[in-house]
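K.L.:
Got a structure for you, written out below as structure tokens; questions coming shortly.
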Amino acid sequence: MTGRYLGVDVGTSATKVSLVTEDTTLTASAGYPTRYGSAGEAEQDPAAWSQALATALAALVAQRGADLGSVTAIGLCGQTPTLVAVDAVGQPVRPALTWQDTRASAEAAELADRFGDPEPLIGTALPWSAANMPAKLLWLARHEPSTVRRTRWLLQPKDLAGLELTGCPASDPWSTKGICRVSDGAPAADVLAGCGWPAQACPPIADAWAARGTVSAAAARRFGLPEDIPVCVGWSDALAQVLAAGCFERQSGFVFSGTSAIVGVPVTDESRRAAGLFRVPRSCAPSPLLYGPTSSSGASVAWVARLLGCQPADVPIIAAGAAEAAEATPTFVPYLAGERAPLWNTEVRGLLLGLAAEHGPPDIARAVMAGTLLSARHVLDTVAETTGRQAGEIEYAGRGAGDPTWEALAMQTLGAPVRFHSDPDMSARGAAILAAIMTGISLPEAIATLGDRARSAEPSPADLTLGRT
């Protein structure tokens, strides 16, 4: 297979780009801030995403071998559910409400009481949570009715990037769940009406690997790309990572650690439902999945770094000095800002238990790291309780892959063989693979030629014993 595929990931903290070929991968990124507030606000400026994309592409071009003029196709993915309301000319009408924004907690509870089971309305058991689209929409209708009047399309960050590149506002059914039905892509009309929004605000829906259009002349000038390169509709960053790690092909479980963690397992029976987890049907992916996003994976590491007066990258170095005996280690519950899957409770809070006089920074650092991994294990166990079987293998990517302390803790906590992936930007790689599939490359061939390198490791009997304590 020949081709040069550009993947774009509009993530929570940065926009990342990866230029992927059969032989090489070149990457670049540019970050942006989130504005947090005391009432649960977590907003971003959509203009910062556009500037970050331009900056990241310029940094990519500066690297040897990064010729954007020969790009075959562009794939997109990004953080979800982050709400971007745009007007009729594609301009955002207010800052984006990110998935971390919890102001809609009361609206989420109200929707749960009013609608009950979301499956008939949305096509999947989407939790009525402040993190998800319906509660955010109801909050906006109540607090900012002018936003409803000014809005033409309800988009996700990658869809705004696609709109800016091609002029097309399309989205995929999984990223837009709650605004559309995932089963057929039609507007979730009853939910939208109940939240005070017209069904016409739902964007056009197509498969993630479908073409949304080609790079326009204006976008070519703005972003330094050639005109007429095809651009795909794109996916959530979570499913792009699942794709890039080969989980659909190998039917392996996954733990992808970033600001939050994405954790789950492919399943054979798409009718199975697990409390507190997303059920991705075949209408949205190559095979069904049960998965969930946690709230505070990397965020917990950043918290303990502030506590210990160090950088997040120093936390595993400090933790390496801790005693490994289970009875000598404190326990950390990483619910620093509530928890998403599988609890979906914004009110629960973190705990640091079992502290003793002899404990110091290494023990606390190790406890926090282990706690984030045990939060992922909670999701894996929830899937296992539903399906009756544990994941036979776990694909691990992101924070900690390649670090000996993180990897040792993963072997002790996840309870299965682990494949550690080398690419720290699996979402952007997944977007590039989507671009290849859009051009007609089969899924097996795309994974075989554009996937990253991974190392397999088996937990020892001692690891498994620690994981059960």
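K.L.:
How far is it, in nm, from the label point at ASP381 to the one at THR268 when both lie 7 Å from their Cα along the line to the Cβ?
P.N.:
The answer from the label model is 2.6 nm.
K.L.:
Sequence-distant or interchain residues sharing an amide H contact under 5 Å with ARG212, placed H: which?
P.N.:
Sorted by chain and number, the residues that satisfy this are VAL231, CYS232, VAL233.
K.L.:
Next up: Taking the Cα centre of the stretch 14-168 as origin and charging only Cβ (+1 Lys, Arg; -1 Asp, Glu), how large is the dipole, in debye to the nearest 20?
P.N.:
Working: 12 positive and 16 negative charges, 75 e Å.
Result for the stretch 14-168 is approximately 360 debye, rounded to the nearest 20.
K.L.:
Ignoring any ligand, DNA or RNA, what whole percent of the accessible area of the stretch 386-427 comes from carbon and sulfur when the probe is 1.4 angstrom? Don't skip to the end; give the middle numbers.
P.N.:
Working: 660 of 1370 Å².
Carbon-and-sulfur percentage of accessible area, whole number: 48.
K.L.:
I've got another one for you. As a test of the formula, what do you get for the chain when each DSSP H run with n ≥ 4 contributes -39,500 (n - 2.57) and the sum is divided by the residue count, at 222 nm and rounded to the nearest 500 deg cm²/dmol? Each step should come with its number before you reach the end.
P.N.:
Numbers: 17 runs with 166 residues, N = 469.
Mean residue ellipticity, 222 nm, calculated: -10500 deg cm²/dmol.
K.L.:
When the Karplus curve 6.51 cos²θ - 1.76 cosθ + 1.60 is applied with θ = phi - 60°, which whole-Hz ³J(HN,Hα) does each residue of the stretch 34-41 get, with x for Gly and Pro?
P.N.:
Running phi through 6.51 cos²θ - 1.76 cosθ + 1.60 with θ = phi - 60° gives 10, 8, 9, x, 5, 8, x, 5 Hz.
K.L.:
Another question about this same structure. Defining a contact as two alpha carbons under 8 Å apart and six or more residues distant in sequence, what relative contact order in percent does the stretch 310-469 show? Don't skip to the answer; put the middle values down first.
P.N.:
Details: 217 pairs, mean separation 32.4, N = 160.
Relative contact order, the stretch 310-469: 20 percent.
K.L.:
Please tell me the relative contact order of the stretch 272-370 in percent, rounded to the nearest whole number, where contacts are Cα pairs under 8 Å and at least six residues apart. It would help to have the intermediate numbers written out before the result.
P.N.:
Working: 150 pairs, mean separation 29.5, N = 99.
Across the stretch 272-370, relative contact order equals 30 percent.
K.L.:
A further question follows. How long are the semi-axes of the equivalent ellipsoid of the stretch 1-105, taking √(5λ) for every eigenvalue λ of the Cα gyration tensor, in whole Å from largest down?
P.N.:
Numbers: eigenvalues 189, 36, 30 Å².
Taking √(5λ) for each Cα gyration eigenvalue gives 31, 13, 12 Å.
K.L.:
What ranking do 127-134, 330-337 get when scored by the average of other Cβ atoms within 10 Å per residue, highest first? Intermediate results must be reported in sequence, preceding the final value.
P.N.:
Values: 127-134: 26.9, 330-337: 20.8.
Answer by packing, highest mean first, reads 127-134, 330-337.
K.L.:
Something else: Taking all protein chains in place and a 1.4 Å probe, what share, in percent, of the accessible surface of the stretch 56-104 do carbon and sulfur account for? Before the final figure, lay out the partial values.
P.N.:
On the way: 840 of 1620 Å².
Ligands and nucleic acids excluded, carbon and sulfur give 52 percent.
K.L.:
Charges on Cβ only, +1 for Lys and Arg, -1 for Asp and Glu, centred on the Cα centroid of the stretch 70-116; of SER70, ALA108, VAL86, which one is farthest towards the dipole's positive end?
P.N.:
Working it through, the farthest residue towards the positive pole turns out to be SER70.
K.L.:
If I ignore ligands, DNA and RNA and count only protein heavy atoms, how much of TRP209 is accessible to a 1.4 Å probe, in Å² to the nearest 10?
P.N.:
Estimated to the nearest 10 Å², TRP209 gives 80 Å².
K.L.:
Related question: For Rg/Rh (Cα atoms, Kirkwood Rh), one of (i) 1.01; (ii) 1.33; (iii) 0.95 was computed from the structure I shared and the rest are decoys. Which label?
P.N.:
(iii)
K.L.:
Further, regarding this structure: Rolling a 1.4 Å sphere over the protein heavy atoms, what is the accessible area per residue of the chain, to the nearest Å²?
P.N.:
Details: 17070 Å² over 469 residues.
About 36 Å² of surface per residue is accessible.
K.L.:
So how strong a dipole does the chain carry about its Cα centre when Lys and Arg Cβ are +1 and Asp and Glu Cβ are -1, to the nearest 20 debye? All intermediate terms of the calculation are to be shown ahead of the outcome.
P.N.:
Values: 35 positive and 46 negative charges, 151 e Å.
Value, rounded to 20: 720 debye.
K.L.:
Would you give the gap between the C-alpha center of the stretch 235-306 and the C-alpha center of the stretch 168-213, rounded to a whole Å?
P.N.:
21 Å
K.L.:
Taking 1 over the mean of 1/r across every pair of different Cα atoms in the stretch 323-459, what Kirkwood radius in Å do you get?
P.N.:
Numbers: mean 1/r = 0.0582 Å⁻¹.
Hydrodynamic radius (Kirkwood, Cα only) of the stretch 323-459 equals 17.2 Å.
K.L.:
Another question about this same structure. Name the residue from GLY321, ILE229, ILE364 whose Cα lies farthest towards the positive end of the charge dipole of the stretch 229-384, charges +1 on Cβ of Lys and Arg and -1 on Cβ of Asp and Glu.
P.N.:
Farthest along the dipole direction, towards plus: ILE229.
K.L.:
Can you list the HN-Hα couplings for the stretch 165-176, worked out from phi with the Karplus curve (6.51, -1.76, 1.60; θ = phi - 60°), rounded to whole Hz and with x for Gly and Pro?
P.N.:
6, 10, x, 9, x, 4, 9, 9, x, 6, 5, 9
K.L.:
In the chain, with Lys and Arg counted as +1 and Asp and Glu as -1 at Cβ, which of these residues, LEU373, GLY167, LEU414, has the Cα nearest the positive end of the dipole, that is, farthest along it?
P.N.:
Sorting the options by dipole projection puts first GLY167.
K.L.:
Give me the percent relative contact order of the chain, please, defined on Cα pairs under 8 angstrom at least 6 residues apart.
P.N.:
Values: 1125 pairs, mean separation 72.9, N = 469.
This gives 16 percent for the chain.
K.L.:
As a test question: what accessible area, to the nearest 10 Å², does LYS177 have when a 1.4 Å probe is rolled over all protein chains in place?
P.N.:
10 Å²
K.L.:
Assign unit charges at the C-beta atoms only (+1 for Lys and Arg, -1 for Asp and Glu), then state the dipole size of the stretch 336-469 relative to its Cα centre in Debye, rounded to the nearest 20.
P.N.:
Working: 11 positive and 16 negative charges, 19 e Å.
Magnitude of the dipole: close to 100 debye.
K.L.:
Taking 0.36 nm per intervening residue step and subtracting the Cα-Cα distance, what contour gain separates ALA448 from ASN345 on full extension?
P.N.:
Gain in length upon complete extension: 33.1 nm.
The values are calculated or read from the model by the stated rules, or taken from the named source; none is laboratory data. Keep in mind it's a predicted model, so treat the numbers as computed, not measured. With ideal geometry, Cβ positions are generated from the backbone for all residues, glycine too; neighbour counts draw on all protein chains shown. The accessibility values were calculated without ligands, DNA or RNA, using every heavy atom of the protein model including side chains. Shrake-Rupley method; radii C 1.70, N 1.55, O 1.52, S 1.80 Å.
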